[in-house]
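Student: I am attaching a structure below and will ask some questions about it afterwards.
A short reminder: the numbers here are calculations on the coordinates, not readings from a lab. Please read all numbers here as calculations on a predicted model, not as lab measurements. So basically every Cβ, Gly included, is an ideal-geometry build from the backbone, and we count neighbours across all protein chains shown.
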Amino acid sequence: MGDPQADRAVPPSGITARLTVFVAAVMAFLAVLALALSLSAGRVAERWVSELAQAATLRLPASEDQADALLRAALHVLETTPGVASARALSADEQAALLAPWFGAALPLDTLPVPQLVEVIADAGGYDPEGLQARLAAEVPGAVLDDHTSWRAPLIAAADRLRLIGWLVVVSIFAAMAAMITLAAHASLAANAQVIRVLRLVGARDIYIARGFVRRFTLRAGAGAVAGVVAGLIAVMLLPRGDVAGGFITGLGFAGAGWLWPLVIPPLAAIVAFFATRAAALRRLRTET
């Protein structure tokens, strides 16, 4: 909070003070949205990774005369494999739905040699994919097990990059806030150059004069950041919930302890304003000595 007397020794800053409040509020609002979107995108990617980690797909050869025998043999292998919770052969309608985006809904599957797909769900402990593939190669020739490893790796990388981008955006926002507050502090110091000379004549030291500007800009930046965080949280709460758009945007916003992250923004904004104003004030006062 500093010394209130030092704040009273500095004349009102006018437009620069209001500009500081406005900039801090806007930057805090954007920081809340950046955090919410990056954290929610990371959660969605993690959920997809978790779901893919528990699921696998077994593709059986398209053989008209041996299709039933291959399916029975594959199901027997899967049901007797430790770590496999369930195994289910996809119906013709389900396979047609999977192929519809590429070949259209009118695809005549009964006239085409379409491989049989089997959905494999692992339990919490999981199974040995290499060992299962070896058993399938011996008992079900031509069967191919896809444990979705090639799908999980890009999603994990995407989740990590989304988090990194989110933090880079937040850092950039605070850097822009520091730059704007520095400019506002320079403008306020220039506008009060005559007052600074008078204060020096009566014995005020530069550090005392600087404290007046630092206290004013720090408190205003903190107050503006509080307003921006409140507005940002309202905007986040107005985002569509998980039951909208078929669940595609499920998880937007904060969850659990993530709601505590916005509470860190106002203190950080005040700290940024403190150091930015202090550096600008001391530098300006030294040049006018």
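Student: Can you tell me the dipole magnitude for the chain around its Cα centre, using point charges on the Cβ only (Lys, Arg +1; Asp, Glu -1), in Debye to the nearest 20? Let's see the in-between values first.
Tutor: Values: 23 positive and 22 negative charges, 685 e Å.
Computed about the Cα centre, the dipole is about 3280 debye.
Student: Also, quick follow-up: At 7 Å along Cα-to-Cβ for each site, give me the label-to-label distance between A69 and I121 in nm.
Tutor: Placing both labels 7 Å beyond Cα along the Cβ direction yields 3.1 nm.
Student: Round to the nearest 0.05 the FRET efficiency obtained for V264 and A85 when R0 = 41 Å and r is the Cβ-Cβ distance.
Tutor: Working: r = 41 Å, r/R0 = 1.00.
Efficiency, from the Cβ-Cβ distance: 0.50.
Student: Here are labelled values, (1) 66, 17, 14; (2) 31, 22, 17; (3) 29, 25, 18, and one is the computed semi-axes √(5λ) of the Cα gyration tensor in Å for what I pasted. Which one?
Tutor: After the calculation, the listed value that fits is (1).
Student: Can you tell me the dipole magnitude for region 46-202 around its Cα centre, using point charges on the Cβ only (Lys, Arg +1; Asp, Glu -1), in Debye to the nearest 20? Can you show the working numbers first?
Tutor: Details: 10 positive and 17 negative charges, 345 e Å.
Its charge dipole is roughly 1660 debye.
Student: Pick from G253, G83, G104: which is most flexible by mean-square fluctuation in a GNM of the chain where alpha carbon atoms under 10 Å apart are linked?
Tutor: Sorting by GNM fluctuation, first place goes to G104.
Student: Right, next: With contacts defined as alpha carbon pairs under 8 Å and 6 or more residues apart, what's the relative contact order of region 62-142 in percent? Please report the intermediate quantities before stating the final value.
Tutor: Numbers: 76 pairs, mean separation 35.3, N = 81.
44 percent.
Student: Can you figure out the FRET efficiency of T287 with E46, using R₀ = 51 Å and their beta-carbon distance, to the nearest 0.05? If you can, show how the numbers build up before the last one.
Tutor: On the way: r = 52 Å, r/R0 = 1.02.
Using R0 = 51 Å, I get an efficiency of 0.50.
Student: Could you work out which residue, out of H76, H186, H148, moves most in a Gaussian network model of the chain, that is, has the largest mean-square fluctuation with Cα springs under 10 Å?
Tutor: Highest fluctuation among the options: H76.
Student: Next question, about the same structure. So what is the 222 nm mean residue ellipticity for the chain from helices alone, if each DSSP H run of at least 4 adds -39500 (n - 2.57) and you divide by all residues, rounding to the nearest 500 deg cm²/dmol? Please list the in-between numbers first.
Tutor: On the way: 9 runs with 189 residues, N = 289.
Taken over the chain, the calculation gives -22500 deg cm²/dmol.
Student: Then there's this: Rank V264, I209, G125 by how far each Cα sits towards the positive end of the charge dipole of the chain (+1 on Lys, Arg Cβ; -1 on Asp, Glu Cβ) and give me just the farthest.
Tutor: Value computed over the given set: I209.
Student: From the backbone phi of region 82-93, what are the Karplus-calculated ³J(HN,Hα) couplings (6.51 cos²θ - 1.76 cosθ + 1.60, θ = phi - 60°) in whole Hz, Gly and Pro given as x?
Tutor: x, x, 8, 7, 7, 9, 9, 7, 6, 6, 4, 5
Student: Limiting things to C-alpha atoms, what are the Rg and the maximum Cα-Cα separation (Dmax) for region 62-142, in angstroms?
Tutor: Final numbers for Rg and Dmax: 14.3, 41 Å.
Student: Report relative contact order for the chain in percent, whole number only (criteria: Cα-Cα under 8 Å, sequence separation at least 6). Can you show the working numbers first?
Tutor: On the way: 390 pairs, mean separation 103.0, N = 289.
Averaging sequence separation for qualifying contacts and normalising by length gives 36 percent for the chain.
Student: Once you have the Cα-Cα distance between L238 and F103, take 0.36 nm times their residue separation minus that, and quote the gain in nm to one decimal.
Tutor: 44.7 nm
Student: Further, regarding this structure: Relative to the Cα centre, what is the charge dipole magnitude of region 106-167, using +1 at the beta carbon of each Lys and Arg, -1 at the beta carbon of each Asp and Glu, and rounding to the nearest 20 debye?
Tutor: Values: 4 positive and 9 negative charges, 75 e Å.
Here region 106-167 has a charge dipole of around 360 debye.
Student: Choose one of A221, A17, Q116: the residue whose Cα lies farthest towards the positive end of the charge dipole of the chain (beta-carbon charges +1 Lys, Arg; -1 Asp, Glu; about the Cα centre).
Tutor: Value computed over the given set: A17.
Student: Would you kindly state how much longer the chain becomes between A92 and A204 on full extension, computed as 0.36 nm times their sequence separation minus their alpha carbon distance, in nm to one decimal? Each step should come with its number before you reach the end.
Tutor: Values: separation 112, 0.36 × 112 = 40.32 nm, distance 8.71 nm.
Net length gain for the segment: 31.6 nm.
Student: Counting other beta carbons within 10 Å of each Cβ, put V118, V198, V23 in order, fewest first.
Tutor: On the way: V118 20, V198 11, V23 24.
Ranking V118, V198, V23 by Cβ neighbours within 10 Å, fewest first, gives V198, V118, V23.
Student: Using a Gaussian network model on the chain with a 10 Å cutoff between Cα atoms, which of G256, G126, G224 fluctuates the most?
Tutor: Checking each option, the largest mean-square fluctuation is seen for G256.
Student: Taking amide hydrogens as modeled 1.01 Å from N in the peptide plane, which residues meet the under 5 Å criterion relative to L90, leaving out close sequence neighbours?
Tutor: For L90, the qualifying residues are L117, V118, E119.
Student: Nearest 0.05, what FRET efficiency do I15 and W151 give at R0 = 51 Å with Cβ-Cβ as r?
Tutor: Numbers: r = 55 Å, r/R0 = 1.07.
Here the calculated transfer efficiency is 0.40.
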